[in-house]
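Questions regarding the structure given below will be posed in turn.
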Amino acid sequence: ALSNVTMPSYLHYWADVRTLFEEYTSYPQTPGLLKMCQAVRLEAQGRAHSGLDDSLNIARLTLALIQDFDTVLRTTSCIKG
């Protein structure tokens, strides 16, 4: 670690929205955020690659996957070791 701050263990696990998108939609390949939003009929808001705007679009995409595709939000990735 670069600092003496210990990362809490609950941050070692997360849900990768791209993985969930692949599993719950019939999209042929994993697209970028803009195309994932379009595939679930969301208009991406803000600027691409802006941290806050991307975060909000990912949150909206996740909500659409849960509501419209019966996606079960679960851990898909973790820090190994």
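The values are calculated or read from the model by the stated rules, or taken from the named source; none is laboratory data. Remember, predicted model here, so these are calculated numbers, not experimental data. Glycine gets a Cβ as well: all are built from the backbone with ideal geometry, and neighbour counts include every protein chain shown. Please note that ligands, DNA and RNA were not included when accessible areas were found on the heavy atoms of the full protein model with its side chains. Shrake-Rupley method; radii C 1.70, N 1.55, O 1.52, S 1.80 Å.
Ranked highest first by average number of other Cβ atoms within 10 Å, how do 15-23, 29-37 line up?
15-23, 29-37
Summarise the accessible area of the chain (1.4 Å probe, protein heavy atoms) by the percent that is carbon and sulfur.
Details: 3380 of 6210 Å².
Carbon-and-sulfur percentage of accessible area, whole number: 54.
Moving to a separate point now. Quick one: dipole size for the chain, taken about the Cα centre, charges +1 on Lys/Arg Cβ and -1 on Asp/Glu Cβ, in debye to the nearest 20.
On the way: 7 positive and 8 negative charges, 31 e Å.
Roughly 140 debye, rounded to the nearest 20.
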